[in-house]
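Inspection log for the structure reproduced underneath, given as structure tokens.
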Amino acid sequence: MAILGIDVGGTYTDAVLLDGARLVTAKVPTETEQEESVLAAAAAVGAADVERFSHGTTIATNALLERKGARTAFVATDGFEHLLHLRRQTRAHLYRLCAEHPEPLVPLERCYGVRERMGPDGVLVPLAIDSLPAFEAEAVAVCTLFSFRDPSHERAIAEQLRRVLPAAHVVASHEIAPEFREYERASTTAADAYLGPLCARYFRALASRSEAAGLPEPLVMRSSGGVITAGEAADHPAHVLVSGPAAGVVGAALVGRTAGEGNAIAFDMGGTSTDVCLITDGAAERTSERSVGGFPIRLPMIDIHTVGAGGGSIVWRDAGGAVRVGPESAGAVPGPACYGRGGTRPTVTDANLLLDRLPPTLPGGLELDREAAERALGDLDPADVVEIVNAEMLRALRVVTVERGHDPADFALVAFGGAGPLHACALAEELGIETVLVPGAAGVLSALGLVASDERRDSVTAYVCPLEEAGELPAAGEADLRYRGQSFELTVPLGPDLAERFHRAHEERYGSADRVRVVELVAVRTADVRPGPAIVLPSAEPIRLAGPVAHELDGATCWIPPGWVGVRDGTTIRLTRL
Amino acid sequence: MKIQHQVLGAQLRAVAEEMGAALVRSAFSANIKERRDCSTALFDERGRMIVQAEHIPVHLGAMPEAVAAVLAREPRHGDVYVVNDPFTGGTHLPDITLVSRVPCGVACSRAHHADVGGMEPASLPAESTDIYQEGLVLPPVRLDEEVMTVVLANMRNPDERRGDLNAQLAAHRLAERRLTELVERRGSALVAEAMDELYRYSERVVRAAVARLPDGRYEAVDSLEPVAGALEIRVAVTIAGDEVTIDFAGTSPQHEGNLNCPLAVTRSACYFVVRCLTEPDLPSSGGAYEPVHVRAPLGSLVNAAPPAAVVAGNTETSSRIVDAVFSAFGQAVPVPAQGQGTMNNVTFGNRRFTYYETIAGGQGACPDRPGPSAVHVAMSNTLNTPVEALELSYPLRVERYELRTGSGGNGVHHGGDGVVRELRVLEDCRVSLLTERRRHAPAGTAGGGDGAAGRNLLNEGELPAKVTTALRAGDVLRIETPGGGGHGEAG
């Protein structure tokens, strides 16, 4: 029986099929109808006799960014119905005065108030359900004040809406993000409702196409790094907004564990952006909030830090004479100048070619045009270009390590994505990292992560009370804690002597702890995890590579600089300094 | 710029940003933690600002003065100095600045504390007439445990103050650690060289941009709404080649109220406008302001001498300076219509609590697009305090928080709408309002309509723009913030 993972990306859809000891990978172009790409990728790896099929998707992210979601209404406490339009009252850019935030997902004319008011200690104004106006909508988001404390009003409003609008997708904020801070909760709820109908259609279509192709019902990767059923994904699609990158981190964790490196940094450098994430003891770091397309999404997610630079990023010189990289990218079309597809502006890939870090011909047969790269770069020194983009990458790697109190030297760097293995050794040197791991499947690691993924269902309970008064807490999971009076929480694993764990975490992060201050419990996060299949990655011929040399991988190139040596161990190349 | 300088520049910037993040995340005052009313920066040995992580523009031009004042005291490595005196490097008293020597330079952090003593809780009195009423004045002094004891003894919530000062100290320890690492890896000569080059780089970029503006002398005038009398800001902007001189000759003398500005605040406001009109995306560095010369008569509203009260200069007069300077530039290049022109400062307090917030309003429309609604304009960009966070911590209830629809001015491009915010107090307490644009509405530009003036109401009765008064439990304060002006005559 085989296990299949398919990850749909912006340009390519990647598939990995693990059939006993046989690992088959494929890349097909991503089509407008994502389910077509999924089926094409499954066919490309010859998927048959599949017992488990996991899927990473950009369907929700694209719909949010391209504004293709449902006609959504927003219902809130009377007097607060403009919540989504007030945001947090900051302007989008300090010095571009009319720069706009993304338009809220629900226009002003579809924002409604209901007479009711919950306070921190309970009901202040009883719910007047008949004050709910009549309206039409494909989806409705409901977010009333303090519903994280007492959801009874919000629940009654949602029930009423489900009665009067039976075809609409109704989401109440306590169902998706029962946490305090009303704007972030409302924003999450609005995104979830907005994406519901479209994602439900997609997952239904995918399930029926999969069935017709003899595949099992797909499991879908959530942003939190675990898979759920397609039906669950359709119910709350805000959970799948960072599906693909999360799968990549799961893949990197698997590669690290297999190589005996439980502490690792996932470094995924693609064409237009780079994702980095810290993995400690084999588990990816988590966060409880992230901005997607300018909207705060308050949900448990793998803590991926993204920077807008990658191999395809355009290189330019600014008015002060400084070399800059990105955020503009040559993308897949026209691509870097050396691809010979009409690109004339210089990219990081062109610089790598001129530094002899790329082969003359890419796997798949694309011949690289050196002269075009030279023309595009002009008087820009390719070594300078690589140094500048590496500085951006270093910044990102420092954010997830040094700035969170970790020494990067204690971690291995797992490099993947089309450009990751080209830059990894130089970055490791700067950070004092001893070991770089480059998986054989560097070009399709998200799909590999899907194959290995656990089933995972996260839940969160809001407290916002002194830790001492919280009563009994679950044995496993995480707690968001802060000193009373602070506004930001630190997340600490649950366990005995939680207060002391928090003091220590505060000391580590901020250099001080105050053991006489009251510690407040804001929320408890737990997860129901069912482990994924036990994966044994096939092994390949051992090889030894001494830098300087460029080594071809499946969908990526690994650059081994002078002073570094690579040894293939299983399917992964372990690079170390001499 | 040499690549190694550029790479080091990115690292220095990262240090300033990391300092800011550490400060915000471990602070206790709502002003710092929720609203991010704070900035952090690194300076070179000569006291030139090299990189700044600013969250609000009013700190732009004001940090170098604090560093200069501390460097004059010849601090030793390892010392941390504290200063808030508006007449020696400060802005207004609640902004407490720490300065410390670090390898190759100086680290600086500034944060708005919830209370620094004085006649009213939260230290933003509406009716102060001299600096002593506004709180404890700290000239640049070494912050040791003795000084800390004196500081805390003069403030209403010493426990919270200590927490916030600790958060600032954590940022300074971080700067010390990071700069030590950087100097070990790169050598102090290269770090110093990179600092110099970063400074020159931003100067070059802004000079080139100023050179593209049409030469000439452009004048403008605007007025404020003091408790008594009238106040005028007069400005003449002279663009000559790659330099610009902004002269406030003719501006009203400093007054008996608290709208006075120390020169540092006036500079910040001028730098802000130049930044908006030249290189809005340039990372913050002192070099950018080399080509900008600010002149203001000593003893005037915009260069006040002690013991003037200054608490509203920082928030309100600075906004009006921005309006006036934009108007003057508007005769040379297209500029946005006027925004709400106030931060709508609201403070509540009694012996038990102090709470401060500022409220967003409408931005004026730009020549090419509408003005955003419900945002901070000009010199502030602080976040709101979430309703749920506020009600969990203070004896206050938000009764209404919504857009003030229709308050933005008409035009080809509409001005942004203001905001309506109603707060009910649940305990007897005092309230101070420091607001502007209640009588003079934000003006439209190029034929665009004016935004609606703001309103302050107590239990539906009109309050003046600036007032301190006692409230009884159950009273409701309603603030309607101004809309922004429109741009272009609507068809």
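The values are calculated or read from the model by the stated rules, or taken from the named source; none is laboratory data. In this text, all values refer to a predicted model and were calculated from it rather than measured experimentally. Cβ coordinates were reconstructed from backbone atoms using ideal geometry, including for glycine residues, and neighbour counts include every protein chain displayed. Only protein heavy atoms, including side chains, enter the accessible area calculation; ligands, DNA and RNA are left aside. Shrake-Rupley method; radii C 1.70, N 1.55, O 1.52, S 1.80 Å.
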*Among the residues of the stretch A:137-151 satisfying the criterion of being surrounded by fewer than 22 Cβ atoms within 10 Å (Cβ to Cβ) and either without any contact (Cβ under 8 Å) to a residue 40 or more places away in the chain or among the polar types (S, T, N, Q) (or both), which is farthest from A:Pro197 (Cα to Cα)?*
A:Asp150
*Counting only residues that are at pLDDT 95 or above and either buried (at least 18 other Cβ atoms within 10 Å of the Cβ) or of a type in the set (Gly, Ala, Ser) (or both), which one in the stretch B:466-477 is farthest from B:Gly409 (Cα to Cα)?*
B:Ala473
*Looking at the stretch B:1-99, what strands (runs of 3 or more DSSP E) fall wholly within it and have at least 2 residues that are touching a helix residue (DSSP H, G or I) at 6+ places or on another chain (Cβ under 6 Å), over 18 Å from B:Leu124 (Cβ atoms) and within 14 Å of chain A (Cβ to nearest Cβ)?*
B:38-44, B:49-54
*asked:* Looking at the stretch B:1-28 only, could you name the residues that are over 18 Å from B:Val82 (Cα atoms), crowded, with 24+ Cβ neighbours inside 10 Å and touching an Asp or Glu at 6+ places or on another chain (Cβ under 7 Å)?
replied: B:Phe28
*Within the bounds of the stretch A:493-512, is there any residue that is under 21 Å from A:Ile302 (Cα atoms), buried (at least 17 other Cβ atoms within 10 Å of the Cβ) and away from every other protein chain (no Cβ under 13 Å)?*
no
*Looking at the stretch B:381-400, which of its residues are in contact (Cβ under 8 Å) with a residue 40 or more places away in the chain, at the interface with chain A (Cβ under 8 Å from one of its Cβ atoms) and in contact with a Leu (Cβ under 8 Å, 6 or more places away or on another chain)?*
B:Asn381, B:Asn384, B:Glu399
_Residues (over 21 Å from B:Thr385 (Cα atoms) and either among the aromatic types (Phe, Trp, Tyr) or in contact with a Pro (Cβ under 7 Å, 6 or more places away or on another chain) (or both)) located in the stretch B:417-444_ = B:Arg437, B:Ala441, B:Pro442
*How about the stretch A:528-549: which of its residues are under 22 Å from A:Arg568 (Cα atoms) and of a type outside the set (Gly, Ala, Ser)?*
A:Ile535, A:Val536, A:Leu537, A:Pro538, A:Glu541, A:Pro542, A:Ile543, A:Arg544, A:Leu545, A:Pro548, A:Val549
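Quick grid of which residues meet (1) over 19 Å from B:Met63 (Cα atoms); (2) among the charged types (D, E, K, R):
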site	(1), (2)
B:Asp281	yes, yes
B:Val302	no, no
B:Ala337	yes, no
B:Thr342	yes, no
B:Thr347	yes, no
_Residues of the stretch A:386-405 that turn out to be facing chain B (nearest Cβ under 9 Å) and either touching a residue at least 12 places away in the same chain (Cβ under 8 Å) or open to solvent by less than 10 Å² (accessible area, probe 1.4 Å) (or both), as a count_ = 7
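So that you can scan it fast, the table gives a plain yes or no per residue for (1) open to solvent by 30 Å² or more (accessible area, probe 1.4 Å); (2) without any contact (Cβ under 8 Å) to a residue 60 or more places away in the chain; (3) over 27 Å from A:Gly270 (Cβ atoms); (4) in contact with a Lys or Arg (Cβ under 6 Å, 6 or more places away or on another chain):
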| site | (1), (2), (3), (4) |
| --- | --- |
| A:Val536 | yes, no, yes, no |
| A:Ile543 | yes, yes, no, yes |
| A:Ala546 | yes, yes, yes, no |
| A:Val549 | yes, yes, no, no |
| A:Leu553 | no, no, no, no |
| A:Ala556 | no, no, no, no |
| A:Ile560 | no, no, no, no |
| A:Gly570 | no, no, no, no |
*Can you name every residue in the stretch A:80-95 that is closer than 17 Å to A:Pro296 by Cβ, at the interface with chain B (Cβ under 7 Å from one of its Cβ atoms) and touching a Cys at 6+ places or on another chain (Cβ under 8 Å)?*
A:His82, A:His85
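Could you please let me know if B:Arg404 is open to solvent by less than 20 Å² (accessible area, probe 1.4 Å), more than 9 Å from chain A (Cβ to nearest Cβ), at pLDDT 95 or above and under 18 Å from A:Ala76 (Cβ atoms)?
No: the conditions fail for B:Arg404.
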_Breaking point among (1) more than 30 Å from A:Arg574 (Cα to Cα); (2) modelled with pLDDT of 95 or more; (3) among the charged types (D, E, K, R), for A:Arg209_ = (2)
*B:Thr347 versus (1) at pLDDT 95 or above; (2) outside any loop (DSSP other than H, G, I, E, B); (3) away from every other protein chain (no Cβ under 11 Å): which is the lone unmet condition?*
(1)
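If you check B:Glu279, B:Glu243, which single one turns out to be within 10 Å of chain A (Cβ to nearest Cβ) and either acidic (Asp, Glu) or open to solvent by 10 Å² or more (accessible area, probe 1.4 Å) (or both)?
After applying the criteria, what remains is B:Glu279.
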*Do any strands (runs of 3 or more DSSP E) entirely within the stretch A:1-102 hold 1 or more residues that are open to solvent by 60 Å² or more (accessible area, probe 1.4 Å), and if so, which?*
A:12-19, A:22-29, A:50-56
*Can you tell me which of A:Glu154, A:Glu184 is within 22 Å of B:Asn384 (Cα to Cα) and either touching a helix residue (DSSP H, G or I) at 6+ places or on another chain (Cβ under 6 Å) or open to solvent by less than 20 Å² (accessible area, probe 1.4 Å) (or both)?*
A:Glu184
*Check on A:Ile543, touching a His at 6+ places or on another chain (Cβ under 8 Å) and not aromatic (Phe, Trp, Tyr)*: no
_Take the residues in the stretch B:416-427 that are touching an Asp or Glu at 6+ places or on another chain (Cβ under 8 Å) and open to solvent by 10 Å² or more (accessible area, probe 1.4 Å); name whichever of them is farthest from A:Pro466 (Cα to Cα)._
B:Glu422
*asked:* Here's a check for you: in the stretch A:112-148, which residue that is out of contact with any His (no Cβ under 6 Å at 6 or more places or on another chain), farther than 20 Å from B:Gly474 by Cα and part of a strand (DSSP E or B) is farthest from the other protein chains (Cβ to nearest Cβ)?
replied: A:Val140
*Hey, B:Thr266 hits all of (1) touching a Gly at 6+ places or on another chain (Cβ under 9 Å); (2) at pLDDT below 95; (3) away from chain A (no Cβ under 13 Å); (4) buried (at least 23 other Cβ atoms within 10 Å of the Cβ) but one; which does it fall short on?*
(2)
_Looking at the stretch A:165-173, can you tell me whether even one residue there is more than 23 Å from A:Gly69 (Cα to Cα) and either open to solvent by 10 Å² or more (accessible area, probe 1.4 Å) or not basic (Lys, Arg) (or both)?_
no
*(1) within 12 Å of chain A (Cβ to nearest Cβ); (2) under 28 Å from the mean Cα position of the chain (by Cα): which one isn't true of B:Ile131, the others all being true?*
(1)
*asked:* Taking the condition of being in contact (Cβ under 8 Å) with a residue 24 or more places away in the chain and either of a type in the set (S, T, N, Q) or open to solvent by less than 20 Å² (accessible area, probe 1.4 Å) (or both), how many residues in the stretch A:313-329 meet it?
replied: 7
